[in-house]
1. When both residues are 6+ apart or on different chains and their Cβ atoms are under 6 Å apart, which pairs have a first residue that lies in region 17-43 and is in contact (Cβ under 8 Å) with a residue 12 or more places away in the chain, and a second that is assigned to a helix (DSSP H, G or I) and basic (Lys, Arg)?
2. Take region 13-40 and flag every residue that is in a helix (DSSP H, G or I) and loosely packed, with under 12 Cβ neighbours inside 10 Å.
3. Quick one: how many residues across region 195-230 are under 23 Å from residue 278 (Cβ atoms) and exposed (fewer than 15 other Cβ atoms within 10 Å of the Cβ)?
4. Restricting the search to region 256-299, which residues are within 17 Å of residue 320 (Cα to Cα) and exposed (fewer than 13 other Cβ atoms within 10 Å of the Cβ)?
5. Would you point out the residue of region 193-234, among those that are under 22 Å from residue 309 (Cβ atoms) and among the acidic types (Asp, Glu), that is farthest from the chain's Cα centre (by Cα)?
6. So in region 124-145, with the set limited to residues that are among the β-branched types (Val, Ile, Thr) and assigned to a helix (DSSP H, G or I), which one is nearest to the chain's Cα centre (by Cα)?
7. The conditions are (1) farther than 28 Å from residue 220 by Cβ; (2) not in a helix (DSSP H, G or I), and residue 292 fails exactly one of them. Which is it?
8. Kindly list, by first and then second residue, each pair from a residue in region 406-418 that is among the charged types (D, E, K, R) to a residue that is at pLDDT below 90 and assigned to a strand (DSSP E or B), limited to pairs with Cβ atoms under 7 Å and residues at least 6 apart or on different chains.
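The values are calculated or read from the model by the stated rules, or taken from the named source; none is laboratory data. Predicted, not measured: the structure shown is a model, and the values here were computed from it. Glycine gets a Cβ as well: all are built from the backbone with ideal geometry, and neighbour counts include every protein chain shown.
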Amino acid sequence: MSLLGLVSLLILLLLLSAFFAGSETALMSLNRYHLRHKARKGNRGARLAEQLLKRPDRLIGLILLGNNLVNFSASALVTLIAFNIGGEPAVAIGTGILTLTVIVFADIAPKTLAALNPERFAFPAAMIYYPLLKITYPVVWLTNMVSNSFLFLMGIRDKGNNLQTLTSEELRTVVRETSTRIPTRYREMLLSILDLEKVTVTDVMVPHKEIVGIDLNNNDFDIETAISKSRHTRLPVFKGNMEKVIGILHLRKLANTSNENFTKDLLINLLSEPYFVPEGTSLSAQLVQFQRRNERIALVVDEYGDIQGIITLEDILEEIVGEFTNPSDEENDVIQDSPNTYVVDAMANIRELNRSQNWKLPNDGPKTLNGLIIEMLETIPEPSTCLKINGYPIEIIESNDNCIQSVRIGARITQEKD
C-alpha cells in the first residue's frame, strides 16, 4: 500500500477512536430520567440508548473492544509509516506524535464535546452500537464473563442497573434547580408537597386555646349566637370544656332543619362522631387518612388523650398552596413598628412567622413564640426583658403570670467570623 493510503487509513482509525471515546462519554452522561421521557415519546435513538444502558457492562465492553482495536491498529500503522520514512529513529518520534494526537484529538476533545451535548452524540451512536453489539456479541460476552468473574472474586456483585429512584432530598434539589422552567409558585407548591412528610399535625393545628366550639352548658340563645357568628362550617360541640367533646356539628346539616325550632336535642342529633388523631402524625399520613375516612376535621390529642388542638383538611391544603383566606380578614400577628422592628403576638406559630416574614427562628421545639422564649429563659419574663434567639433581638412588651402576650423583634444580627 502506498504511503498516501497508509496515512488515509491512519486518519480513519483516529476518527474511529474519537467516535468510540466521545460516544462512551455521551452515553454515560445521559440524564436517565430525560432519556426515559424521550424513549416513551417514541424517539428511536433514545429507545436504543435506554436498552443499551440496561447492561452497561456489555456496552462498555463493546466500546473498549472497538477503541482498543483501532488504537492498537493506529500504533502499528504509525510504526510502519515512520519506519518507511526515517527508519528506527523515526519510530520513536512517530510514537510520541501519535500519543499526543490521540490524547488531544481522539480523547479529550471528543469527550469534552460529548459531555457538553450528550444527547446529540449518544442517540446516533446508539443506532450504531445496537446492531454492532448483536454482531460482536460472542466476543463481548466472553470478555464480560472474564471481567465479571474477576469482580465476583473481588466481592463485587452486579445488582442490576435499574433506574434508581430519587430520595426526597434529591427530588427537592431537582425541583429547586428547575427555577428557569417551573414558575416560582408551582415550584414552592412542589416543595411543600415534599415537606408534608416532615411536618406534623401539631405544626399546623389550631391550638386548644384558639378552638371555637359550642358549649352545650350555655343557653339556647348563646348557642344560636355562637353558630350565627361562626366563620367555620364545622364546629366541635362539648359540655363545659373541650376535654368533654361529644361530636362535630356541620352547619349545613343545621341549615337543612331551619324550619324546625332550635333545641339542644336537635343539635345533638345532628352531630357526627369526633375523629381523634395523635399529635405526631405527619401531614402526608393525615391527608391520606382524611381521604380514606371521608373526614375534613380531626381533634389532635397527646399521649395522655388530652386535646391539643384541631386539624382540618384546609390546614393541610394551605401548607401546599398557601393561605386561602385574605390576611385582612383575620387577625394580624405581626405589626411593623419601625423599618427594622416588628411587634408580634407571642402566641403566633413559629412556622407561620418564618414563612410570612422570611425569618429563621428555630421551630424544631416549641411551636409558638411564647413557648420558644419560655423554654430558653426557663421562666416567664417580665416586660422589658431582652434576649437574642438565633440572631434576632427580642424585647418582651407584655406578659402576665402564665404567658407572654407580645414581643418586639428586630432585624437579624449576623456574627462575622474572624
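1. Listed pairs, sorted by first residue: 21/111; 22/111; 25/111.
2. 33, 40
3. 5
4. 288, 291
5. Among residues in region 193-234 that are under 22 Å from residue 309 (Cβ atoms) and among the acidic types (Asp, Glu), the one farthest from the chain's Cα centre (by Cα) is 215.
6. My answer is 128.
7. Of the numbered conditions (1) farther than 28 Å from residue 220 by Cβ; (2) not in a helix (DSSP H, G or I), the odd one out for residue 292 is (2).
8. 408/337
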